[in-house]
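For reference, the structure discussed in these notes is given below.
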């Protein structure tokens with residue numbers, strides 16, 4: 001039985017372990033944390049085939065330039081004389097064009113739809129016990145400009161074969177009676193689902209542990225031992241781990257690990273915030289276009305609000321203005337039964353690994369026969385967790401992969 005070490009215990013790492021152990025590999029997962037925190041646990045919980053437009057797009061480039069020095073905007077770009085950050089910006093601006101968007105639409109559609117099917121199969125088979133709601137996703141707007149942007153995105157999604165329905169204000173009120181009068185319209189993406197990410201992660205951890213997968217928490221990698229074109233072992237502060245195959249799924253820290261091998265991938269953190277609150281029930285997950293806020297109902301009156309995209313910010317200082325933007329957005333779209341006033345200790349923050357072109361890195365690392373990477377998923381880590389794990393397991397097992405990996409290759 002071949003030994004595989006997976007570095008990174010987020011949703012991509014655990015789904016990689018899931019599919020690898022199903023193929024008969026002996027798997028150990030190590031993580032710099034304790035497997036209870038991070039983006040995989042406190043993200044918006046959205047499974048979004050609707051997101052066929054990559055992060056690297058003309059729209060995101062315009063938002064970045066417009067709000068470059070506005071701390072209250074949903075999007076922020078850190079400017080600093082750092083080689084990796086500047087290279088990311090140069091590559092991002094080079095591909096943030098209509099040609100790249102058009103080229104990426106079908107790639108992201110196929111990737112996310114396969115991942116959605118994997119979630120459904122896992123739920124229906126009973127292999128994993130987690131709540132999965134299949135009510136679609138509402139994209140709502142107030143201002144005409146936001147509505148025009150959403151309408152353009154909806155047309156793109158329809159052309160890609162997704163089921164999208166335009167909603168009037170009256171339509172929205174039937175679905176969400178607690179919506180504010182200022183909400184002018186929206187779109188219902190029937191292709192999308194949602195779940196409670198922390199429950200999913202706990203279910204994965206417990207199930208994998210019962211199947212013999214080993215977990216090593218609070219473990220920092222210091223050295224990757226290599227011989228010729230193969231990695232042979234990891235030196236860590238918890239000892240040495242030998243293996244036949246190495247999988248790096250460590251989010252934004254993946255680039256730091258690969259640097260130990262003199263391999264560069266262009267990934268920068270996209271810092272975001274979220275918090276939970278108990279409110280009059282919200283029926284549908286939603287994206288509030290004017291405020292760039294995601295809303296996720298989790299049952300029992302619980303709702304999670306998430307937002308913010310701070311590119312290049314590695315620290316953990318909370319930008320209060322961006323949290324207030326989330327609160328303001330929630331209040332402007334919903335008639336809430338109490339004021340949202342999260343304490344600082346109730347505000348979660350995390351760093352999404354954002355690739356320069358909005359497509360993940362999935363596959364073997366050039367120059368090495370047995371090192372594989374899965375990172376750079378931007379805001380779609382949860383959505384693409386299962387499919388990334390499946391594709392990596394197929395590649396490592398020497399099988400024909402379910403999708404072509406060339407668009408996600410390392411070194412592009």
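Brief remarks follow.
- Qualifying residues in the stretch 254-290 (those that are closer than 17 Å to residue 363 by Cα and under 15 Å from the mean Cα position of the chain (by Cα)) - the one surrounded by the most Cβ atoms within 10 Å (Cβ to Cβ): 267
- Checklist (1) over 14 Å from the mean Cα position of the chain (by Cα); (2) in a helix (DSSP H, G or I) applied to residue 373, failing item: (2)
- A single member of 184, 170, 203 is touching a strand residue (DSSP E or B) at 6+ places or on another chain (Cβ under 9 Å) and surrounded by fewer than 20 Cβ atoms within 10 Å (Cβ to Cβ), and it is 184.
- Residues within the stretch 339-351 that are touching a residue at least 60 places away in the same chain (Cβ under 8 Å) and within 13 Å of residue 277 (Cα to Cα), tallied: 5
- Only one of the numbered conditions (1) surrounded by fewer than 19 Cβ atoms within 10 Å (Cβ to Cβ); (2) in a strand (DSSP E or B); (3) within 24 Å of the chain's Cα centre (by Cα) is not met by residue 161, and that is (2).
- Scoring residue 272 on the criteria (1) touching a residue at least 24 places away in the same chain (Cβ under 8 Å); (2) closer than 20 Å to residue 39 by Cα; (3) assigned to a helix (DSSP H, G or I) leaves a single failure, condition (3).
- Qualifying strands (runs of 3 or more DSSP E) (wholly inside the stretch 281-346; at least 1 residues being over 25 Å from residue 174 (Cβ atoms)): 302-311
- Flag if residue 50 is within 23 Å of residue 153 (Cβ to Cβ), touching a helix residue (DSSP H, G or I) at 6+ places or on another chain (Cβ under 8 Å) and surrounded by fewer than 22 Cβ atoms within 10 Å (Cβ to Cβ): no
- So residue 308, is it touching a helix residue (DSSP H, G or I) at 6+ places or on another chain (Cβ under 7 Å), at pLDDT below 95 and either surrounded by fewer than 16 Cβ atoms within 10 Å (Cβ to Cβ) or closer than 26 Å to residue 90 by Cα (or both): yes
The values are calculated or read from the model by the stated rules, or taken from the named source; none is laboratory data. From a predicted model like this one, the values you see are computed outputs, not experimental measurements. Heads up, the Cβs are rebuilt from the backbone with ideal geometry, glycines too, and the neighbour counts pull from every protein chain shown.
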